[in-house]
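The values are calculated or read from the model by the stated rules, or taken from the named source; none is laboratory data. A quick note: this is a predicted structure, and the numbers were derived from the prediction, not measured. Here Cβ is always computed from backbone atoms with ideal geometry, including for glycine, and neighbour counts include all displayed protein chains.
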Amino acid sequence: MKRVVLGFLLAALISGLFTGCVASPEQQQLQAVEVRDYQGQRLDSVTGFRENSIAGPQKVDLANYRLEVNGLVTQTLSLTYDQVLSQFPSFKKVVTLHCVEGWDATVLWEGPRLKDIFQQVGVMPEANTVIFTAVDGYTTSLPLEFVKRRDLLLANKMNQIQFPGDRGFPFELVAEDKWGYKWIRWVKAIELSANADYKGYWESRGYSNSGDLDQSYFR
Ligand SMILES: Nc1nc2c(c(=O)[nH]1)N[C@H]1C(S)=C(S)[C@@H](COP(=O)(O)O)O[C@H]1N2
Ligand SMILES: [Mo]
């Protein structure tokens, strides 16, 4: 009898150890439907990422979710997920995210352009900075001119599928040419500001405020 219990415990322990390496049913489902090749480019799987966010994966309930656009604008916006997607056209881009930890991920991103959203709210001339806030309290910022010129996306799809919950659903900023800490996930507010020196979560802890990929991420 004791042996049986011991054997059972051992089996439970071993299977527990290995579940970390095996894709969960949800991950397997995502792997089956995501696109891994786009116009000749290999894409990384949406399930193969390291989770390194400041407060762990966020579960966003769409019923209560609103994307807020405010600050130096003539008309503030508060939109549901569906309103964001129906009011602005979506664009696709293959872009590689580089984390300061040394890993990267190449993904087909898809979603509305920030500059189209800005057009709708009417940005005041003194605004020069875009400050982003996420559901987990994370913050970051970018120059307004850069966001418009580079057609940055607020992505809701990766590899042609809607974001999995732990990957930044409903929206992640595709901050191309910038280090991973500028790619804010679970975005909930976008503020137009005249404070070019604003420093977000990692920027206020010593990472470069420009976040330029071709420069060191230290100040
Ligand atoms: N809301 C939020 N967004 C965040 C973070 C975070 O902790 N919270 N971490 C950033 C960092 S350091 C990296 S490298 C990227 C990783 O994004 P990925 O999961 O799309 O690869 O998310 C960025 N966005
Ligand atoms: Mo990162």
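A count restricted to the range 143-157 and to residues that are closer than 19 Å to Lys199 by Cβ and either surrounded by fewer than 21 Cβ atoms within 10 Å (Cβ to Cβ) or among the acidic types (Asp, Glu) (or both) stands at 3. When the range 96-114 is limited to residues that are closer than 21 Å to Asn209 by Cβ and of a type in the set (A, V, I, L, M), the one that is farthest from ligand 1 (Cβ to nearest atom) turns out to be Leu114.
Residues in the range 113-153 that are more than 16 Å from ligand 2 (Cβ to nearest atom) and acidic (Asp, Glu) were compared, and the one that is farthest from the chain's Cα centre (by Cα) is Glu126. State whether the residues of the range 50-60 include one that is surrounded by 11 or more Cβ atoms within 10 Å (Cβ to Cβ), more than 16 Å from Phe118 (Cβ to Cβ), hydroxyl-bearing (Ser, Thr, Tyr) and touching a Pro at 6+ places or on another chain (Cβ under 7 Å). No.
For (1) assigned to a loop (DSSP other than H, G, I, E, B); (2) away from ligand 2 (no atom under 15 Å from the Cβ); (3) of a type outside the set (Ser, Thr, Tyr); (4) within 17 Å of the chain's Cα centre (by Cα), each residue gets a yes or a no:
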| residue | (1), (2), (3), (4) |
| --- | --- |
| Asp166 | no, yes, yes, yes |
| Pro170 | yes, yes, yes, yes |
| Tyr181 | no, no, no, yes |
| Arg185 | yes, no, yes, yes |
| Ser216 | yes, no, no, no |
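Residues considered: Gly137, Gly180. Of these, the only one that is crowded, with 19+ Cβ neighbours inside 10 Å, among the small types (Gly, Ala, Ser) and within 14 Å of ligand 1 (Cβ to nearest atom) is Gly180. Among residues of the range 88-116 that are of a type in the set (A, V, I, L, M, F, W, C), those with a beta-carbon under 6 Å from a residue that is more than 13 Å from ligand 1 (Cβ to nearest atom) and assigned to a helix (DSSP H, G or I) at least six positions away or on a different chain give the pairs Phe88/Asp116; Leu114/Val147. Can you spot a residue in the range 190-210 that is crowded, with 20+ Cβ neighbours inside 10 Å, modelled with pLDDT under 95 and touching a strand residue (DSSP E or B) at 6+ places or on another chain (Cβ under 9 Å)? No, because not a single residue in the range 190-210 is crowded, with 20+ Cβ neighbours inside 10 Å, modelled with pLDDT under 95 and touching a strand residue (DSSP E or B) at 6+ places or on another chain (Cβ under 9 Å). Applying the condition of being in a loop (DSSP other than H, G, I, E, B), β-branched (Val, Ile, Thr) and at pLDDT below 95 to the range 19-53 and asking which residue is farthest from Val107 (Cα to Cα) yields Val22.
Scanning the range 113-136 for residues being assigned to a strand (DSSP E or B) and either charged (D, E, K, R) or within 15 Å of Trp186 (Cα to Cα) (or both) gives a total of 5.
Quick check on Lys199: is it over 16 Å from Arg66 (Cα atoms) and touching a helix residue (DSSP H, G or I) at 6+ places or on another chain (Cβ under 6 Å)?
Values: over 16 Å from Arg66 (Cα atoms): yes; touching a helix residue (DSSP H, G or I) at 6+ places or on another chain (Cβ under 6 Å): no.
So Lys199 does not fit the description; no.
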